[in-house]
Amino acid sequence: MLLRSRRIVYVIGCSSMGAYIAGAMSKLNFDVYVIDVKEDAFRNLPPDYSGFKQVGDACDTDFLNHQISKSAYLVLVATNSDNVNSFAAQYIKKIIGVDLVIARIYDVEKHVLLDNSGIKIIYPSLLTAGKFFDIVKDYNKEGE
């Protein structure tokens, strides 16, 4: 049973990024649970998505306690709110006890909320800026 439960992935927030990751993880045969506060967000999921969908609030600790399994492989918290993502990620990591928790944070200054928490952070603005400079650097090499 432990091997089966380690194949569980939760994606909280069904934005385009959350939906893409949920779809890709379901193709890799993970048991994927997508959670969003709005049911119509599930329209972002790819047509071949084979996981589960659950309407729920990531700030509701009763909901999180009943929906998130401690033995999950990973939880991605990627709502459109840094505050919700920070809260839910910390709750899932510290209270529920999931080992691998990843949070999307837009505001780089909010890193202080998650410093030393063991939560992995994705900063879209830094990723975009890094890609921008990679393109500029490659373009300059082509012009030499």
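The values are calculated or read from the model by the stated rules, or taken from the named source; none is laboratory data. Values in this document were obtained by computation on a predicted structure and should not be read as measured data. All Cβ positions, glycine included, derive from the backbone under ideal geometry; neighbour counts span all protein chains shown. For the accessible areas, the whole protein counts, side chains as well, though only heavy atoms, and no ligand, DNA or RNA atoms are used. Shrake-Rupley method; radii C 1.70, N 1.55, O 1.52, S 1.80 Å.
Hey, can you tell me all the residues within segment 83-109 that are under 22 Å from Ala129 (Cβ atoms) and surrounded by fewer than 17 Cβ atoms within 10 Å (Cβ to Cβ)?
Answer for segment 83-109, where residues must be under 22 Å from Ala129 (Cβ atoms) and surrounded by fewer than 17 Cβ atoms within 10 Å (Cβ to Cβ): Tyr106, Asp107, Val108, Glu109.
If I go through segment 39-64 residue by residue, how many of them are open to solvent by less than 40 Å² (accessible area, probe 1.4 Å) and either without any contact (Cβ under 8 Å) to a residue 12 or more places away in the chain or not in a loop (DSSP other than H, G, I, E, B) (or both)?
Total meeting the criteria: 4.
Being touching a Lys or Arg at 6+ places or on another chain (Cβ under 8 Å) and either within 18 Å of Ser71 (Cα to Cα) or not polar (S, T, N, Q) (or both) is the filter here; which residues of segment 100-120 pass it?
Correct list: Leu100, Val101, Ile102, Ala103, Gly118, Ile119.
Would you check which residues across segment 65-79 are surrounded by fewer than 14 Cβ atoms within 10 Å (Cβ to Cβ) and either in contact with a His (Cβ under 9 Å, 6 or more places away or on another chain) or in a loop (DSSP other than H, G, I, E, B) (or both) and list them?
Hit for segment 65-79 is Lys70, nothing else.
Filter segment 110-119 down to residues that are at negative phi and loosely packed, with under 14 Cβ neighbours inside 10 Å, then give me how many there are.
3
Conditions tested, residue by residue: (1) on the phi > 0 side of the Ramachandran plot; (2) part of a helix (DSSP H, G or I); (3) of a type in the set (Ser, Thr, Tyr); (4) out of contact with any helix residue (DSSP H, G or I) (no Cβ under 6 Å at 6 or more places or on another chain).
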{"residue": "Ala88", "(1), (2), (3), (4)": "no, yes, no, yes"}
{"residue": "Lys93", "(1), (2), (3), (4)": "no, yes, no, yes"}
{"residue": "Val98", "(1), (2), (3), (4)": "no, no, no, no"}
{"residue": "Ile102", "(1), (2), (3), (4)": "no, no, no, yes"}
{"residue": "Phe132", "(1), (2), (3), (4)": "no, yes, no, yes"}
{"residue": "Lys137", "(1), (2), (3), (4)": "no, yes, no, yes"}
